[in-house]
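Presented below is the structure to which this report refers.
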Amino acid sequence: MAASYCNQPGYAVISGFTDPNDERQTPQILVFYNTANSNLAVQLWRGDKSSSKDDEDVFCAKSDDRVGFVSYLTDLAAAALSGTNVVVGFTEAAPADGCQSSVHKVSILSPVYQTLDDTDIKNTSISIASSNPLAVSNDDDDAWVYYLKTNSHNKLSIYEYSLGDSAAAPLGANPTLGSSLAAYWDGSTRWVIYQGSADGDNDYQLFEHDPGSDSDTKIAGTGGGGTNCRIAVAYDAGSQTTYLYFTTENGDIFRSIKDGKTNRWKSSATQISDDAKSKVANGSQLAAIYSGGVVHLFFANKAGSFKGHVVDTLSQKAERRDTGISS
């Protein structure tokens, strides 16, 4: 029997093929998630519009196996780097003098285990962007991990950890406590999207941060999401289009679009959820990937299922799937 999901699972998605836009191949998606016994699991999906999956294509610890060290109720993220897929998340620090640690270890979880940095245990958001989103080795490869951490001025910041340089530094962004993070690479620039508060008030907005220039852009049409807005991003390199997904307080999913040719976000967002099965449960991570001409979204839904899956055909109405990840 496979290990069961956490009550509020993290999800990370990545293409299983070297070129997700190669029409000669059937696209494949690797869906990583954390389990109730603190291990990392993966399931293989078709990445096209048919969106079928095979229950046998699941790799995870059994429910009676040894408990792992992946932190409970935390996010995951995945990207390609130097010809391999890298999954990052948080791991539990060893207890000191029998007391529970107050920190998470920002860590690589796969293909090897390696800790990168510490952060307060209440910070559970993480994302990653790679300069080479295809799993093909390149001498110029780098990937950047983003997470929340208190800086030297005792202020919550987004930290960027370069896997190429093995170095971490705070960015000038001003996230809200518990902000979700969504990072991507557009072929020339890395970006990280986060939730902030405009002018320091309670008008929560989404911002896009450019770590290279350490500058922010407010994303129009993303206000009113309340705290704990979940964020995911998918990038289509062919059309140079960024698809941003975010949730409202009641779990509805909205999509906003950025045209890479003009580098501008559209002024409004489109709702793609319509019932409990397509709404994101409180605390669940939202993950997105562009594959096979559509965007696949994975999450725990309001209907009480850990199998929430929406196929966004990028029209006004998305197609809901709920036949996905085995428990």
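Annotations
- For region 279-324, the candidate set comprises residues that are in contact with a Pro (Cβ under 9 Å, 6 or more places away or on another chain) and aliphatic (A, V, I, L, M); within that set, the residue that is modelled with the lowest pLDDT is A300.
- Selection within region 249-282 - out of contact with any Lys or Arg (no Cβ under 9 Å at 6 or more places or on another chain), under 24 Å from G304 (Cβ atoms) and in a loop (DSSP other than H, G, I, E, B): E249
- Within the set T176, T248, the sole residue that is closer than 24 Å to T124 by Cβ and out of contact with any strand residue (DSSP E or B) (no Cβ under 6 Å at 6 or more places or on another chain) turns out to be T248.
- Condition met for Q114 (farther than 29 Å from Y159 by Cα, modelled with pLDDT of 85 or more and not acidic (D, E)): no
- Test: residue in region 166-184 that is buried (at least 19 other Cβ atoms within 10 Å of the Cβ), more than 25 Å from V103 (Cβ to Cβ) and at pLDDT 95 or above: yes
- A residue that is more than 30 Å from Q240 (Cβ to Cβ), surrounded by fewer than 17 Cβ atoms within 10 Å (Cβ to Cβ), of a type in the set (D, E, K, R) and modelled with pLDDT under 95 can be found somewhere in region 93-100.
- From the options L177, L148, residue that is aliphatic (A, V, I, L, M) and assigned to a strand (DSSP E or B): L148
- A residue that is part of a strand (DSSP E or B) and among the β-branched types (V, I, T) occurs somewhere in region 283-290.
- Region 188-207 - residue that is modelled with pLDDT of 90 or more and in a loop (DSSP other than H, G, I, E, B) and, of those, surrounded by the fewest Cβ atoms within 10 Å (Cβ to Cβ): S188
- Restricting attention to region 208-223, the residues that are surrounded by 21 or more Cβ atoms within 10 Å (Cβ to Cβ) and outside any loop (DSSP other than H, G, I, E, B) total 2.
- Number of the condition not met by A143 [criteria: (1) in contact with a Pro (Cβ under 8 Å, 6 or more places away or on another chain); (2) surrounded by 20 or more Cβ atoms within 10 Å (Cβ to Cβ); (3) within 16 Å of F32 (Cβ to Cβ)]: (1)
- Residue match in region 132-145 (condition: modelled with pLDDT of 95 or more and within 24 Å of S284 (Cβ to Cβ)): yes
Residue-wise test of (1) surrounded by fewer than 23 Cβ atoms within 10 Å (Cβ to Cβ); (2) touching a strand residue (DSSP E or B) at 6+ places or on another chain (Cβ under 9 Å); (3) part of a strand (DSSP E or B); (4) modelled with pLDDT of 85 or more.
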| site | (1), (2), (3), (4) |
| --- | --- |
| N7 | yes, no, no, no |
| N21 | yes, yes, no, no |
| F32 | no, yes, yes, yes |
| S38 | yes, yes, no, yes |
| D54 | yes, yes, yes, no |
| V58 | yes, yes, yes, no |
| R66 | yes, no, no, yes |
| F90 | no, yes, yes, yes |
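This table checks each residue for (1) surrounded by 16 or more Cβ atoms within 10 Å (Cβ to Cβ); (2) in contact (Cβ under 8 Å) with a residue 24 or more places away in the chain; (3) charged (D, E, K, R).
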position	(1), (2), (3)
G226	no, no, no
G238	no, yes, no
S256	yes, yes, no
K266	no, yes, yes
A269	yes, yes, no
S273	yes, yes, no
K277	yes, yes, yes
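- Where a residue in region 160-182 is over 18 Å from S284 (Cα atoms) and of a type in the set (D, E) and its partner, wherever it lies, is assigned to a loop (DSSP other than H, G, I, E, B) and at pLDDT 95 or above, with Cβ under 8 Å and at least six apart: E160/L171; E160/P211
- Verdict on K105 being basic (K, R), crowded, with 17+ Cβ neighbours inside 10 Å and over 15 Å from the mean Cα position of the chain (by Cα): yes
- Any hit, region 70-85, residues being touching a strand residue (DSSP E or B) at 6+ places or on another chain (Cβ under 7 Å), in a strand (DSSP E or B) and free of Cβ contacts under 8 Å to residues at least 40 places away in the same chain: yes
The values are calculated or read from the model by the stated rules, or taken from the named source; none is laboratory data. None of the values given here were measured: they were computed from a predicted structure. Quick reminder, even Gly has a Cβ in these numbers, built from the backbone with ideal geometry, and neighbours come from all protein chains shown.
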